[in-house]
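Rule-based calculations on the coordinates, nothing more; no lab input. Owing to the predicted nature of the structure, the values given are computational and were not obtained by experimental measurement. Using ideal geometry, Cβ is built from the backbone for each residue, glycine included, and neighbour counts are taken over all protein chains shown.
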4 protein chains.
Amino acid sequence: MIVCEFSIVPLGKDVSVSSYVAECLKIVRKSGLSHELTAMGTIVEGTWDEVMQVVRDCHMAVRQRSPRVLTTVRVDDREGPQGRLSAKVRSVETKVSDPA
Amino acid sequence: MIVCEFSIVPLGKDVSVSSYVAECLKIVRKSGLSHELTAMGTIVEGTWDEVMQVVRDCHMAVRQRSPRVLTTVRVDDREGPQGRLSAKVRSVETKVSDPA
Amino acid sequence: MIVCEFSIVPLGKDVSVSSYVAECLKIVRKSGLSHELTAMGTIVEGTWDEVMQVVRDCHMAVRQRSPRVLTTVRVDDREGPQGRLSAKVRSVETKVSDPA
Amino acid sequence: MIVCEFSIVPLGKDVSVSSYVAECLKIVRKSGLSHELTAMGTIVEGTWDEVMQVVRDCHMAVRQRSPRVLTTVRVDDREGPQGRLSAKVRSVETKVSDPA
């Protein structure tokens, strides 16, 4: 299971990209994968192939509407159980509140 | 005002990096800047100099404890009012729920 | 055709990662795709599917040797002819030497 | 000493960004720091403060010409001698040609 953040930006278009992000978010939701939208990207959890198919679909959807697209993907792949999308944040917050 | 996501990783250390992230989160909180911890990084909002000082402090704190550190920073700098940390996500969610 | 830079880092291992990068470079070379090794990553040119298959193979090769792997991928997808791996740099250098 | 790759992209502008990259390259050259232009970014070597001043200057130069700018920065900070900009690539190439 990987946790993956991606961000897709069209060049040669408007300053606002929220309509593109919205289109991608619909694709992510349709996939059924755990996900979270942040101010800097979309985070998805799943197998490499599940996640990369979603990233590909989102990238191609934006690419169809613009002649140049920049996509950034960061993957954190660690052995262990699913549910790291929320567990990672909890693990840090526990350490901050109880440093002993 | 910029919105900035950063992620700091020590090499040559344990597989778990949450104690390093926790240390960074304390530095971020002390700065007083708006911020959010996600599964893939920490997002901060402020001026370039405010934010980069925090990133530098976090990087150096991790670097003191490890011989090699990889830091990734993504900046979104757009003219306009503060509060984009939450406004960016709201803008997308509005478009998804009301596509017309 | 996309130009793609990727960087793969194992956690919980040695400070030096050059043996992992070397293993990935062999995989890239076997693919036959245009590529370039830089101080911060490997740049590959090809179709999305060609390139992402190589990134996947490299990621999995490193993952087999370490319990946690962080992979960063940046894609520049632009309509037009192949050969952007070198053309992009030339385009900038021409502008710098001849600003008129 | 850090090795740092950065990439600066204006939104709401033309599809081609090479004139912005050229402007940044001039700023990098003026700094006197070791650097290399690749198809996906500019790599610079120096102290954190030296490098981040250059990244800031480049970011601000692009920001002056466009209402929204996305900047990506990746830092590799490792104890040891200067000259890693070329030494990192050599280290991998040696391992690939002589795997024994």
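With a 10 Å cut-off around each Cβ of B:32-45, the average count of Cβ atoms from other chains is 5. Working value for chain A: equivalent-ellipsoid semi-axes of 28, 16, 10 Å, each the square root of 5 times a Cα gyration tensor eigenvalue, largest first.
Other protein chain C-beta atoms within 10 Å of residue C-beta, averaged over A:49-60: 2.
A cut-off of 5 Å between modelled amide H atoms, ignoring neighbours fewer than 5 places along the same chain, links D:T38 with D:I43.
What do you get for the angle between helix C:48-64 and the principal long axis of chain C? Use alpha-carbon atoms, 0 to 90 degrees, nearest ten. Helix C:48-64 and the main axis of chain C meet at about 30 degrees.
In terms of the mean number of neighbouring beta-carbon atoms within 10 Å, the peptides B:30-38, C:15-23 order highest first as C:15-23, B:30-38. Angle check, please: helix D:84-97 long axis (alpha carbons) against the longest principal axis of chain D (alpha carbons), in degrees 0 to 90, nearest 10. So the helix axis and the longest Cα principal axis differ by about 50 degrees. Can you tell me the 0 to 90 degree angle between the C-alpha axis of helix C:18-31 and the longest principal axis of chain C, rounded to 10? Helix C:18-31 and the main axis of chain C meet at about 60 degrees. Spin-label pair B:V15-A:T47: with each label point 7 Å from Cα along the Cα-Cβ axis, the two points sit 2.0 nm from one another. Counting, for every residue in A:7-15, the Cβ atoms of other protein chains within 10 Å of its Cβ and taking the mean gives 6. Cysteines of chain C lacking any other cysteine Cβ under 4.7 Å from their own Cβ: C:C4.
By the rule of a C-alpha distance below 28 Å, with chain neighbours fewer than 8 residues away ignored, the lysines paired with D:K30 are C:K88, C:K95, D:K13, D:K88.
What net charge do the residues around A:T38 carry, taking every other residue with its C-beta under 15 Å from that of A:T38, with Lys and Arg at +1 and Asp and Glu at -1? Walk me through the intermediate numbers first.
Working: positive: A:R74, A:K88, B:R74, B:R84, B:K88, B:R90; negative: A:E5, A:E36, A:E45, A:D76, B:E5, B:E36, B:E45, B:D76, B:E93.
The answer is -3.
Amide hydrogen proximity for C:T47: with H placed 1.01 Å from N in the peptide plane, the residues at 5 or more positions away or on another chain lying under 5 Å are C:I2. The three principal axes of the C-alpha atoms in the protein assembly as shown carry coordinate ranges of 48, 46, 39 Å, sorted with the longest axis first. When the Cα centres of the stretch D:31-54 and the stretch B:15-49 are compared, how far apart do they sit, in Å? Going from one Cα centre to the other spans 25 Å.
Charged neighbours of B:S86, selected by a Cβ distance under 12 Å, balance to 0 (K, R count +1; D, E count -1). Please identify, among A:Q82, A:Q64, A:Q53, the residue showing maximal mean-square fluctuation in a Gaussian network model of chain A using a 10 angstrom Cα cutoff. Checking each option, the largest mean-square fluctuation is seen for A:Q64.
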